[in-house]
Amino acid sequence: MVRGIVAAVLGVALYTVIVYLLPSPLNIMVAPLVSGVIASLWAGSSSLLKAFLAGTCIGVTSYLALLIYTGSLPTALAISLELAGPLGVVVPLLYHGVATGLASVAASGVIRR
Amino acid sequence: MSRAVVASSILVVALIALPVATPALIPFLDPVNGLPGAALVPDRYEGSFSIVGLRGEARVYYDEWLVPHIEATSDEAGFYTVGWISASLRLFQMDLYRRVALGNLSSLIGAAGLESDRLSLTLGLPQAVEETWRMIESSPDLSGIASALEAYSRGVNDYIEYAKSNGLLPAEYRVLGLEPEPWRPIHSLSIAKLLSLMLAWDTDDLVLNELVRRHGPDIIVNLDMINRTRNVAHAPCSEAVMLGSIILGETVNATLLPPSSSLASKLSSIYSIWGDASNNWVVSPRVSGSGKPLLANDPHLALTAPPIWLILHIKTPSINVAGVTVPGVPFIVIGRNLDVAWGFTNVGSDFVDFYYYVWRDGKYLYRGEWLEPTTREYSIMVWNPASRGYTEEKIVVRSTIHGPLLEENGEAFSVKFTGAGPSLEVVFIYNLNKAKTVGEALEAQRYFISPVQNLVVADSSGNIAYSPNGGYPARTNLPVIETSKGMIVNTGFLPFNGSRGEGEWEGFIPLEDLPALYNPNLPFIATANSKPWNGSCGLGLGWNYADRFRTLRIYDLLRDASSMGPLSVDDMFRIQLDTRDYSLEALASILASLTPRDDETREYVDMLMQWLQDPSTDTDDRIAPLVLAWSYYFHGSVWEKLYGSTDNRYFFKIEHLEALVDGYLRGEEWASSYLGGSTLEELALSSLREALSTLDSFFGGGEWQYGRMHFYRITNPVLKTDIAGDPAAGGPYSVNVAPPNGVDASVGAPVSIGPSVRLVSDLSTSVLYIALPGGESGNPFSKHYSDHYEGFWLTGRYYTLDMEEGHGAASLVFHGGG
């Protein structure tokens, strides 16, 4: 339980810091990998599905946290909807969630070995 | 390792490579450096900046509405700071505007800018701007302007570097995947060209040519297209004096500047989307409660987010001036200083001429000689935001002795346009900023070529003036056109036979020979794009002026208000916000008289009659939707009969329609023939049916309500988001103008042109009242993106800028450093 909470907090913290500090697009490529590793620690070696969900959760939470932190959430969503339709909102959520989830699964496999 | 893990590893690599493979996604995927990161760009900057080589110091005081008050100990520091602050508030907009004029818009926004680029390049606007800068640089008299433009450019460029290095670029660049290029003085000069394209460029001569081709030259007389006897002039010739009797010295525009260089374009008037109408008036101290003149102005342009205008207060050793500028211009375009206030409306005169030729084997005939057209080639780099790459488009411009050729569907017209040559409007504006008297303001007009404006001006000594003057081409060898009602001289309203040397331009009419009003006996002077003069003193310049309705309404309101007592700024506010529309009343009367009253129509004709008793365009009015939709379709259907399509429908003035209806009701044969076998009664009935179908569909069978279908649409041109959606009162010709983009069953009648700013000055005070339809910030994530719209413009209130009010501590300081 404690390990899970620590890993979740650490995963989100690392994700946001990396996205914030690294240049684009390196930031959004590295953050899912690093936080994916943390997510796999949270999930342990029990289940790949669990690892995927943990990673997805960290990725989506981090992305939304950054939107909230920048104060851009409603306006960014409105502009994204205008320019790209629903995909403008869904694709970023999917990208951050799925990339981190998959990275977490891959890291779990390495841990299992 | 399980297959799931291997698959996950492969997928994660593929997914993470997505931003590299599809860079257009990065603005949406990256919450910090992408689009959402624009929310981190500050509204107001704080601190002290040491600028190498800057002489003097400038302090910036922002007020609660983010209006910057700039106070500087030197002009250089002042204009440097105006540049820095303008860029910090509106950098992308500045970039957009300079590119429109210089023909490289598509390098920024992509293929959507190509038509505009072709026009600007064909007109030769980049060369005109470069030539203007060389004139300014080389003239010792204009060294102050050159220094101001250079200091401004430096300020803009320093902000660009600061923003780039701190990740503070505007949202639009993030979406497009581009960065701004450095600013140069020519970019500030290019704004004058943009305004000329918006306000002075038109293809009315070609539209009239098509009407004459279809119906014969009598249509010019029958529809009263040149004399415009139904129009209401701004001013009486009986009060006019020659400008030469007010101002002294030589006219610069006739001696320093060459005749306008030339241009060409596609047939479409692509800048009509910007709108080109306005109101202004000046009140004599004799009828003003304060004992000093009052002056009001509201230019009607595109309502965009951010707005076209930026509010500034600039105080340097040479100027202390407040008002609005177009971002990119270092000076105040409309506003006041402590002594003088001024305002503009567009003069809808004729500043474009077209020439046609006899052609043989690729050569054109000119005064008996066969000449080869010259050619220029341009390359346009078109940005593709999706692929993050450029593609190259080439255009070739052929020119005759008169100017560039406009070629379309096998036809070729050469074009002359007063806005296409080098010109010193920036000097005119700078001198207005510094003027101490009305006389000095009028004197400044000698630098003004295009777009010619109805200038009203007042000073704190109580002088008022009206001068609709600037670069009017002096045309020679004018041909005569024969009609059944007599001969008329083509003064430029129809294309000229270039092979015969018709309609040659010989510079501009000397400013001294043009009329103006200076302290007339009139208690007020109002202008609203009608014809400037009521007689021949205006030299017959121009023809396709706006209809009379706003001019008439403003004069009615001023007369009514002054009959109640001395006029105040509150009266000015009330007049600017007036939404009664005389044009809808004129059209409703026509429709009521033409529509037969039977079982199908009686109810609606009765509604028109009822509405005419109380012609309201309030947002909750139940009949105004019918009046607007029916009028819109009727005007369009008559125009379609005349012209063969609904293109260029705003060429067709309501006064032309009135002339046609009068002729029709008198039983004139020409009136029936113009309608191509239809009758006006049939067109009134079919447009009623179309209007009812639209209203039923739009309101879904529910109750009609004007403000639901007639609403403001104020959109960011790149990000596409809309700040408005609020119900709009008024109509196409109300003083508080609200012309719909169209009337449509699915979208209603959205309004995207209107008062782009409202300004009122009372010369007895140091206060300027301003209502801006947006906010000072160009950042859609800022609360100052639309706060003036909500706080002032929409609600009929005014932001108050007192030029002598003290400020607290400065937020931002720029000073010289080693």
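Return the residue satisfying two criteria in turn: it lies in the stretch B:35-48 and is surrounded by fewer than 23 Cβ atoms within 10 Å (Cβ to Cβ) and facing another protein chain (nearest Cβ under 7 Å), and of such residues it is nearest to the chain's Cα centre (by Cα).
Looking at residues that are surrounded by fewer than 23 Cβ atoms within 10 Å (Cβ to Cβ) and facing another protein chain (nearest Cβ under 7 Å), I get B:ALA39.
For the subset of the stretch B:714-761 comprising residues that are touching a helix residue (DSSP H, G or I) at 6+ places or on another chain (Cβ under 6 Å) and among the hydroxyl-bearing types (Ser, Thr, Tyr), which member is farthest from B:GLU690 (Cα to Cα)?
B:THR721
Which residues, counting only those in the stretch B:292-321, are assigned to a loop (DSSP other than H, G, I, E, B) and either acidic (Asp, Glu) or under 26 Å from B:ASN716 (Cβ atoms) (or both)?
B:LEU303, B:ALA305, B:PRO306, B:PRO307, B:ILE308, B:TRP309
In the stretch B:740-770, what residues are on the phi < 0 side of the Ramachandran plot and either of a type in the set (Lys, Arg) or without any contact (Cβ under 8 Å) to a residue 60 or more places away in the chain (or both)?
If the condition is that a residue be on the phi < 0 side of the Ramachandran plot and either of a type in the set (Lys, Arg) or without any contact (Cβ under 8 Å) to a residue 60 or more places away in the chain (or both), then B:ASN741, B:ASP744, B:ALA745, B:SER746, B:VAL747, B:PRO750, B:ARG758, B:VAL767 are the ones that fit.
Within the stretch B:99-112, is even one residue surrounded by fewer than 20 Cβ atoms within 10 Å (Cβ to Cβ) and either among the aliphatic types (A, V, I, L, M) or under 20 Å from B:HIS313 (Cβ atoms) (or both)?
Yes, the stretch B:99-112 contains a residue that is surrounded by fewer than 20 Cβ atoms within 10 Å (Cβ to Cβ) and either among the aliphatic types (A, V, I, L, M) or under 20 Å from B:HIS313 (Cβ atoms) (or both).
Please work out which residue is surrounded by the fewest Cβ atoms within 10 Å (Cβ to Cβ), limiting yourself to the stretch B:605-639 and to residues that are touching a residue at least 60 places away in the same chain (Cβ under 8 Å) and charged (D, E, K, R).
B:ASP620
Which of the residues belonging to the stretch B:800-814 are more than 14 Å from B:TYR769 (Cβ to Cβ) and loosely packed, with under 15 Cβ neighbours inside 10 Å?
B:GLU804, B:GLY806, B:HIS807, B:GLY808, B:ALA809
For B:LYS485, state whether it is basic (Lys, Arg), modelled with pLDDT of 95 or more and touching a helix residue (DSSP H, G or I) at 6+ places or on another chain (Cβ under 8 Å).
Here the answer is no, as B:LYS485 does not meet what is asked.
Count, please, the residues in the stretch B:767-799 that happen to be touching a strand residue (DSSP E or B) at 6+ places or on another chain (Cβ under 6 Å), surrounded by fewer than 24 Cβ atoms within 10 Å (Cβ to Cβ) and of a type outside the set (Phe, Trp, Tyr).
So the answer is 1.
State whether one or more residues within the stretch B:83-94 are in the same structural domain as B:GLY124 (by TED's automatic domain parsing), surrounded by fewer than 22 Cβ atoms within 10 Å (Cβ to Cβ) and either among the β-branched types (Val, Ile, Thr) or within 25 Å of the chain's Cα centre (by Cα) (or both).
Scanning the stretch B:83-94 turns up no residue that is in the same structural domain as B:GLY124 (by TED's automatic domain parsing), surrounded by fewer than 22 Cβ atoms within 10 Å (Cβ to Cβ) and either among the β-branched types (Val, Ile, Thr) or within 25 Å of the chain's Cα centre (by Cα) (or both).
Among the numbered criteria (1) touching a Lys or Arg at 6+ places or on another chain (Cβ under 9 Å); (2) under 20 Å from B:SER278 (Cβ atoms), which single criterion is violated by B:PHE331?
(1)
Tell me, please, whether a residue that is within 14 Å of chain A (Cβ to nearest Cβ) and assigned to a helix (DSSP H, G or I) can be found in the stretch B:70-81.
no
Go through (1) at pLDDT 95 or above; (2) at negative phi for B:GLY103 and report which single condition fails.
Condition not satisfied by B:GLY103: (2).
How many of the residues making up the stretch B:193-241 are out of contact with any Cys (no Cβ under 7 Å at 6 or more places or on another chain), of a type outside the set (Asp, Glu) and more than 30 Å from B:VAL100 (Cα to Cα)?
Looking only at that region, the number is 26.
Can you tell me which condition B:VAL32 does not meet? The list is (1) outside any loop (DSSP other than H, G, I, E, B); (2) at the interface with another protein chain (Cβ under 7 Å from one of its Cβ atoms); (3) in contact with a Phe, Trp or Tyr (Cβ under 6 Å, 6 or more places away or on another chain), and all the others hold.
That leaves (1) as the condition not met.
Which numbered condition in (1) touching a residue at least 40 places away in the same chain (Cβ under 8 Å); (2) in a loop (DSSP other than H, G, I, E, B) is the only one that B:LEU642 fails?
Going through the list (1) touching a residue at least 40 places away in the same chain (Cβ under 8 Å); (2) in a loop (DSSP other than H, G, I, E, B), B:LEU642 breaks only (2).
Restricting to the stretch A:55-113, what's the tally of residues that are within 7 Å of chain B (Cβ to nearest Cβ) and of a type in the set (D, E, K, R)?
2
Might you check whether a residue that is within 30 Å of B:ALA322 (Cα to Cα), in contact (Cβ under 8 Å) with a residue 40 or more places away in the chain, surrounded by fewer than 24 Cβ atoms within 10 Å (Cβ to Cβ) and among the polar types (S, T, N, Q) occurs anywhere in the stretch B:120-130?
no
Just need a number here: residues in the stretch B:158-210 that are within 14 Å of another protein chain (Cβ to nearest Cβ), β-branched (Val, Ile, Thr) and outside any helix (DSSP H, G or I).
0
Those residues that are facing chain A (nearest Cβ under 7 Å) and assigned to a helix (DSSP H, G or I), I need them from the stretch B:1-24; list them, please.
B:ALA4, B:VAL5, B:SER8, B:SER9, B:LEU11, B:VAL12, B:LEU15, B:ILE16, B:LEU18, B:PRO19, B:VAL20
The values are calculated or read from the model by the stated rules, or taken from the named source; none is laboratory data. All values derive from a computational prediction rather than experimental measurement. Virtual Cβ from ideal backbone geometry, glycine too; neighbours counted across all protein chains shown.
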